[in-house]
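Read through the structure below, which is laid out as structure tokens, and then see the notes.
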Amino acid sequence: MNASFAVQVGALARRSVFRTIRQPAQVVPSLIFPLILISINSAGLQKVTEIPGFPTDSFLTFALAIPFIQAGIFSVANGGSDLARDIETGFLDRLALTPMSGVSLVTGQLAGVLALGIFQGAIYLLVGLAMGAHFEAGLAGVPVLLALALCVSFAFGCIGIFAALRLGTGEAVQGLFPVLFVFLFLSSMNLPRNLIEQDWFQTIATYNPVSYLIEGIRSLFITGFDGEALALGFGFSIIIGLAFLAASVASLRTRLTRT
Amino acid sequence: MSFARYRSVALAVGWRNLHNFFGNPALLVPSILFPLFFFVAFAGGLSRVADLPNFDFRSGYTAFQFSFVLMQASAFGGVFTGFGMARDFETGFGRRMMLAAPHRTALLGGYAVSALVRALFIQVILFVIALIAGMQIDGGVPQLLGMSALGLLVNFAAVMWAAGIALRFRSIQAGPLMQTPVFLALFLTPVFVPLNLLEGWVHTVASLNPNTLIVESLRGLVSGEAFHTGAAFLAALGLGVVFFTWALRGLRAAEAAGG
């Protein structure tokens with residue numbers, strides 16, 4: 001059973017990874033766009049570091065966590081659209097005729113998104129350092145950062161898979177893109193939560209799990225190894241991922257029953 | 001006779017686009033929500049920026065950000081109208097319109113009319129939300145009308161830019177080509193802090209960007225302290241003329257390609 005599961009996941013994962021690599025239109029914008037934005041915003045908001053209590057004197061270092069989340073949001077659109085295309089072309093229906101389990105189908109589809117997530121994380125770190133950002137956690141922090149990037153991609157990738165299974169079309173999945181950006185905007189992306197002046201905004205940012213994903217990644221750049229921030233970052237990303245994975249498997253079952 | 005036919009074509013195209021826009025929640029809702037979320041995220045999340053030394057804007061940070069969001073919403077109203085134009089040409093409807101219209105420039109006029117109405121609609125919603133949020137307005141009615149007019153000129157320039165792309169590519173796949181340059185041109189202005197507080201390369205680029213003149217003038221109007229208003233109107237008008245020429249050449253390209 002376990003060997004069979006591994007074979008099933010492996011086959012789909014291989015297809016998912018190659019499919020991602022073969023679509024530069026997916027890979028390039030998700031790499032370039034966050035870097036352009038951070039480059040503009042870090043120059044525009046550098047003065048913010050003069051606010052008393054701001055945790056670093058480099059806004060670039062502070063903001064370098066944001067591309068990791070933007071990459072996650074791209075992974076919703078990319079991973080979800082790929083699966084939606086499988087649904088639209090009938091490939092998913094053909095898979096349904098095989099003995100493949102629902103869990104292996106969903107996890108296999110995530111492989112491309114996860115591989116891209118690690119690649120993006122490494123690029124953002126290298127470009128950030130080249131631009132002059134500090135990475136307080138040092139060499140030992142690199143695998144932790146990449147593991148957290150992987151978890152963030154897992155969380156957002158599962159949201160994309162769930163959306164594709166529920167909505168069934170690539171156009172509808174792409175429509176989620178701005179909605180997810182709202183979660184990013186209403187988080188602690190531009191200021192630490194304790195420095196946000198508006199109480200209502202601070203409350204929203206505190207209840208917004210994206211704040212904790214950002215703060216987990218940010219802690220590695222600014223403070224080194226902050227156990228609480230990392231635990232919250234890993235914890236929320238894994239919980240979000242598992243919740244949407246379970247929901248995806250349930251949705252898949254419903255969709256295949258309908259088929 | 002000729003003007004009457006021109007007007008009837010332009011109004012028919014404009015009406016059709018507006019009917020699609022107001023009748024389709026998938027087009028209407030993001031157009032309203034996206035600028036609102038930018039406004040909320042920037043004005044709410046970054047209000048502490050107003051405490052920075054040398055940040056002198058008497059109407060407060062909400063009004064400071066409102067001016068940028070007004071410009072952004074106006075510009076994107078134009079770009080999104082360009083999406084509709086690209087879709088019309090992709091599906092062959094644009095070709096049929098070109099066969100039917102005695103003056104094909106009237107098609108451009110129609111799309112421009114619909115973009116202006118869209119922008120005006122979003123502007124009214126933004127003003128209402130800003131007033132509910134307690135935005136301080138120190139300018140009088142003429143200044144507010146001036147802000148709206150300046151926004152509409154930006155909208156005209158943006159729709160002509162997008163139309164030029166739509167007519168050359170005649171495919172919705174050119175969408176990123178329409179919106180990414182506009183997005184960058186808008187964000188390479190003093191978005192978060194006044195120009196004098198920007199540092200490094202962004203300060204240089206923002207100083208040369210005509211949109212900086214426009215956003216600073218909008219801020220001057222809302223605060224009742226006119227700032228290069230005439231020059232800003234001239235800059236917006238100049239952009240409109242340049243991109244109108246660009247769209248006309250696009251129209252010729254579409255005619256040469258057979259629509």
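Residues that are among the hydroxyl-bearing types (S, T, Y) and facing another protein chain (nearest Cβ under 9 Å) within the range A:13-41 comprise just one, A:S39.
Among helices (runs of 4 or more DSSP H) entirely within the range B:1-98, having at least 1 residues that are surrounded by 15 or more Cβ atoms within 10 Å (Cβ to Cβ) and within 14 Å of another protein chain (Cβ to nearest Cβ) singles out B:25-39, B:60-90.
Pairs, please: C-beta under 9 Å, at least 6 apart or cross-chain, first residue among the polar types (S, T, N, Q) and in the range A:158-180, second surrounded by fewer than 18 Cβ atoms within 10 Å (Cβ to Cβ)? These pairs meet every condition: A:T169/A:E88. Which of the residues spanning the range B:61-102 are within 19 Å of the chain's Cα centre (by Cα), more than 30 Å from B:L197 (Cα to Cα) and among the polar types (S, T, N, Q)? Correct list: B:T81 only.
This table checks each residue for (1) small (G, A, S); (2) within 11 Å of chain B (Cβ to nearest Cβ); (3) under 24 Å from A:G132 (Cβ atoms).
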| residue | (1), (2), (3) |
| --- | --- |
| A:G168 | yes, no, no |
| A:V182 | no, yes, no |
| A:L186 | no, yes, no |
| A:I214 | no, no, yes |
| A:R218 | no, no, yes |
| A:I238 | no, no, no |
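Looking at A:V142, A:V76, just one residue is at pLDDT 95 or above and of a type in the set (A, V, I, L, M), and that residue is A:V142.
Determine which member of the set B:Q143, B:Q173 is within 19 Å of the chain's Cα centre (by Cα), surrounded by fewer than 21 Cβ atoms within 10 Å (Cβ to Cβ) and either modelled with pLDDT under 95 or not basic (K, R) (or both). Testing whether each residue is within 19 Å of the chain's Cα centre (by Cα), surrounded by fewer than 21 Cβ atoms within 10 Å (Cβ to Cβ) and either modelled with pLDDT under 95 or not basic (K, R) (or both) leaves just B:Q143. Applying the criterion of being within 25 Å of B:A206 (Cβ to Cβ) and among the polar types (S, T, N, Q) to the residues of the range A:42-76, the residue that is nearest to the other protein chains (Cβ to nearest Cβ) is A:Q46. Taken together, the residues in the range A:217-259 that are acidic (D, E) and either in a helix (DSSP H, G or I) or closer than 27 Å to A:F162 by Cα (or both) amount to 1.
Restricting B:V117, B:V128 to those that are among the aliphatic types (A, V, I, L, M) and touching a residue at least 24 places away in the same chain (Cβ under 8 Å) reduces the list to B:V117. Of the residues making up the range B:127-138, at least one is surrounded by fewer than 18 Cβ atoms within 10 Å (Cβ to Cβ) and of a type in the set (D, E, K, R).
Hey, any hits in the range B:201-211 for a residue that's exposed (fewer than 14 other Cβ atoms within 10 Å of the Cβ) and of a type in the set (A, V, I, L, M, F, W, C)?
Within the range B:201-211, the subset exposed (fewer than 14 other Cβ atoms within 10 Å of the Cβ) is B:201, B:204, B:207-208.
Now restrict to residues that are of a type in the set (A, V, I, L, M, F, W, C): B:201, B:208.
Checking the range B:201-211: at least one residue is exposed (fewer than 14 other Cβ atoms within 10 Å of the Cβ) and of a type in the set (A, V, I, L, M, F, W, C).
Selection of the range B:209-249 for residues being charged (D, E, K, R) and in a helix (DSSP H, G or I) yields B:E216, B:R219, B:R249. If you go through the range B:33-60 and keep only what is aliphatic (A, V, I, L, M) and at pLDDT 85 or above, you end up with B:L36, B:V40, B:A41, B:A43, B:L46, B:V49, B:A50, B:L52. Residue under question is A:I40, and the condition is that it be assigned to a helix (DSSP H, G or I), more than 16 Å from the chain's Cα centre (by Cα), under 30 Å from A:R193 (Cβ atoms) and not charged (D, E, K, R); does it hold? Answer is yes for this residue. Just so you know, in the range A:188-201 the residues that are more than 9 Å from chain B (Cβ to nearest Cβ) and touching a residue at least 60 places away in the same chain (Cβ under 8 Å) include one that is nearest to A:S58 (Cα to Cα), and it is A:P192. Apart from one condition, B:F187 fits all of (1) touching a residue at least 12 places away in the same chain (Cβ under 8 Å); (2) out of contact with any Pro (no Cβ under 7 Å at 6 or more places or on another chain); (3) hydrophobic (A, V, I, L, M, F, W, C); (4) crowded, with 18+ Cβ neighbours inside 10 Å; the exception is (1).
The values are calculated or read from the model by the stated rules, or taken from the named source; none is laboratory data. As the structure is a computational prediction, the values presented were derived from the model and not from experiment. Cβ sites come from the backbone with ideal geometry, for glycine too, and all protein chains shown count toward neighbours.
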